[in-house]
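Structure first, commentary second.
The values are calculated or read from the model by the stated rules, or taken from the named source; none is laboratory data. Since the structure is predicted, the reported quantities are computational estimates derived from the model, not experimental observations. We place every Cβ from the backbone using ideal geometry, glycine too, and count neighbours over all the protein chains shown. Keep in mind that these areas ignore ligands, DNA and RNA; they rest on the heavy atoms of the full protein, side chains included. Shrake-Rupley method; radii C 1.70, N 1.55, O 1.52, S 1.80 Å.
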Amino acid sequence: MAETTMTHTSQMEPRPAGWRGIAADWASDQRAFKNVSWGKAMMWIFLLSDTFIFGCFLLSYMTARISTRVPWPNPSEVFALRIGGSEIPLILIAIMTFVLISSSGTMAMAVNFGYRRDRRKTAILMLLTAALGATFVGMQAFEWTKLITEGVRPWGNPWGAAQFGSCFFMITGFHGTHVTIGVIFLIIVARKVWRGDFDTGRPGYFTSRRGRYENVEIMGLYWHFVDLVWVFIFAFFYLW
């Protein structure tokens with residue numbers, strides 16, 4: 001029997017080269033997807049599709065900015081705030097970025113304590129993350145109000161290229177919607193953690209299985225994605 005096995009192993013066909021070989025490796029590995037939960041796999045698929053959407057938005061923005069012959073508004077002037085009698089460029093955007101990046105840290109700690117089954121710290125950190133996200137959305141609403149008051153519309157603005165308004169409201173509005181949805185779900189999951197639903201297996205949304213703290217990690221995946229997208233928006237829209 002051993003000789004048959006050795007003969008069979010020695011006569012195995014060599015792995016194909018290039019992409020065909022990579023495909024063959026993934027197709028033959030039965031463990032590649034069996035150890036991934038349904039919820040985590042679906043979240044990764046959703047984030048992948050959302051990456052394409054945000055990528056198309058940013059590519060459209062860059063195309064519009066490069067192709068227009070009308071001068072593009074200077075972000076340092078458009079997004080400046082008057083504080084103490086002087087104009088400070090991008091001060092609000094810098095604070096918004098700091099708040100959102102800080103929320104990634106609190107979310108990562110929440111996931112860590114979630115897998116340690118520390119309900120209190122996990123819930124508090126998730127609520128703190130939600131508070132930072134709500135603060136970000138509030139500052140974004142202030143930014144929108146300021147620009148609308150100054151005459152920015154999807155079809156024009158007083159500083160130059162008309163495409164600026166449509167790009168701004170589309171990109172930041174879509175991202176702000178994602179942050180708002182994330183805040184709502186963070187509060188929902190934090191409430192379930194605080195009540196002990198993940199320990200008792202209480203029937204309900206996200207809590208059909210006992211001890212399934214993985215949902216905290218799934219929320220973390222979504223939140224880190226939202227923060228990462230903002231880094232690209234900050235770089236391409238506000239700094240370029």
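For residue 86, the solvent-accessible surface computed with a 1.4 Å probe is close to 60 Å², ligands and nucleic acids excluded.
So if we plug the beta-carbon distance of residue 53 and residue 148 into 1/(1 + (r/R0)^6) with R0 = 22 Å, what FRET efficiency do we get, rounded to 0.05?
Details: r = 25 Å, r/R0 = 1.12.
About 0.35, to the nearest 0.05.
Between the residues 178, 229, 93, the greatest Cα displacement towards the positive end of the dipole of the range 38-239, with unit charges on the Cβ of Lys, Arg, Asp and Glu, is found for 178.
Residue 178 contributes an accessible area of around 20 Å² to the protein surface, as traced by a 1.4 Å probe with all chains present. Counting only protein heavy atoms and using a 1.4 Å probe, the accessible area of residue 194 comes to about 140 Å². Annotation for residue 131 and residue 86: the two label points, set 7 Å from Cα along the Cα-Cβ direction, are 3.3 nm apart.
Please work out how much length the chain gains when fully extended from residue 139 to residue 62, using 0.36 nm per residue of separation minus the C-alpha to C-alpha distance, in nm with one decimal.
Working: separation 77, 0.36 × 77 = 27.72 nm, distance 2.48 nm.
Value of the extension gain: 25.2 nm.
Close amide-amide hydrogen proximity is noted between residue 156 and 165, 166, each under 5 Å apart and 5 or more residues distant or on a separate chain (H modeled in the peptide plane; Pro and chain starts excluded). Between the range 149-190 and the range 40-114, what is the separation of their alpha carbon centroids in Å? Centre-to-centre distance over Cα atoms comes out at 10 Å. Identify the residues of the range 220-240 with backbone N under 18 Å of a label point that sits 7 angstrom from the Cα of residue 98 along the Cα-to-Cβ direction, or state none. Only 231, 234-235, 239 pass the distance filter. Per residue, the range 38-239 exposes 50 Å² of solvent-accessible protein surface, assessed with a 1.4 angstrom probe and all protein chains in place.
Between residue 38 and residue 69, how high is the FRET efficiency from 1/(1 + (r/R0)^6) when r is the Cβ-Cβ distance and R₀ = 45 Å? Nearest 0.05. Can you show the working numbers first?
On the way: r = 51 Å, r/R0 = 1.13.
Rounded to the nearest 0.05, the efficiency is 0.30.
Computed over protein heavy atoms with a 1.4 Å probe, the carbon and sulfur contribution to the accessible area of the range 35-171 reaches 69%.
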